[in-house]
Every structure is written in C-alpha cells, then in structure tokens.
1. When the stretch 1-31 is examined, which residues are found to be surrounded by 16 or more Cβ atoms within 10 Å (Cβ to Cβ), touching a Phe, Trp or Tyr at 6+ places or on another chain (Cβ under 7 Å) and hydrophobic (A, V, I, L, M, F, W, C)?
2. Being in contact with a Pro (Cβ under 6 Å, 6 or more places away or on another chain) and at pLDDT below 95 is the filter here, so list the residues in the stretch 102-117 that pass it.
3. Would you tally the residues in the stretch 84-113 being open to solvent by 50 Å² or more (accessible area, probe 1.4 Å) and more than 12 Å from L20 (Cβ to Cβ)?
4. Scanning the stretch 1-25 for residues that are outside any strand (DSSP E or B) and of a type outside the set (S, T, N, Q), which turns out nearest to A97 (Cα to Cα)?
5. Report, by residue number, each residue of the stretch 52-75 that is buried (at least 16 other Cβ atoms within 10 Å of the Cβ) and among the aliphatic types (A, V, I, L, M).
6. Going by the structure shown, is A49 free of Cβ contacts under 8 Å to residues at least 24 places away in the same chain, within 12 Å of the chain's Cα centre (by Cα) and open to solvent by less than 60 Å² (accessible area, probe 1.4 Å)?
7. Residues of the stretch 70-96 being in contact with a Leu (Cβ under 6 Å, 6 or more places away or on another chain) and over 21 Å from G15 (Cα atoms), which ones?
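The values are calculated or read from the model by the stated rules, or taken from the named source; none is laboratory data. As the structure is a prediction and not an experimental result, all values here were calculated from the model. Here Cβ is always computed from backbone atoms with ideal geometry, including for glycine, and neighbour counts include all displayed protein chains. Each accessible area value is taken on the protein alone, full model and side chains, heavy atoms only, with ligands, DNA and RNA left out. Shrake-Rupley method; radii C 1.70, N 1.55, O 1.52, S 1.80 Å.
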Amino acid sequence: QVQLVESGGGLVQAGGSLRLSCAASESIFSFNVMGWYRQAPGKQREVVADITIGGVTNYADSVKGRFTISRDIAKRMVYLQMNSLKPEDTAVYYCSADRVLPRIKYWGQGTQITVSS
C-alpha cells in the first residue's frame, strides 16, 4: 500500500513562505509523475505543480515564479517551496503520485495552508 505523508502546512501572512514536504513509502521512481494539488473551500481540486520521473517540472500559471517543486530521490521526498504567498493560495494541499502500470493515482491526506492578509 503506497503512502504519501505531507507535512509543513500552517498559517502564514501574505508575502511569507512555507515549504511543504511529501514522504513516499517507496521509491519515487515507482511513479511516472509526482505533484502537488490544492483544493480551496467550494472549489475543485487543481494541480499546482508536478515533476516527472525525468525531472521535468510543470506549474500552474497562478504559482509560476513563486512556487518551486523539487525532490530528493534518496530520501523519497518531494517538496513544494512556496514564496510570496497570497490569501488566494489558502487551501488544503495534497501530494499525489501517478503510477502508469497499473494506472493508479495516489493521494496524501492533505495539509492546510492558510494565508492571512
């Protein structure tokens, strides 16, 4: 059973920074893509950033230039560095991992980020 455990959430003032961490229970090379999603109250879950097995990163337009996704392969960790946070970044953030064969998407339990104005 794959487990993804997020940490690093909390309350921060606008303009501040936070770093989220996601610990995977197995090698991150087991997954084609790992990423971060978020879901704000009353809104659909949306992708924030992801990183492919080859190390290619992708970002939502709303976070480009402010957020950085990275990974530590040896530690089986994926990170999301969030700078210049805005109140609209307030959401529950989820770590995700996509396996190709079989085609399964795994989710962490989520961590709350609240950005105060």
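1. L4, L20
2. First, the residues of the stretch 102-117 that are in contact with a Pro (Cβ under 6 Å, 6 or more places away or on another chain): 115, 117.
Of everything in the stretch 102-117, just one residue is in contact with a Pro (Cβ under 6 Å, 6 or more places away or on another chain) and at pLDDT below 95, namely S117.
3. Qualifying residue count for the region: 12.
4. Filtering the stretch 1-25 for residues that are outside any strand (DSSP E or B) and of a type outside the set (S, T, N, Q), the one nearest to A97 (Cα to Cα) comes out as V2.
5. V63, I69 - these are the residues of the stretch 52-75 that are buried (at least 16 other Cβ atoms within 10 Å of the Cβ) and among the aliphatic types (A, V, I, L, M).
6. Judged against the criteria, A49 is not a match.
7. Within the stretch 70-96, just C95 meets the criteria.
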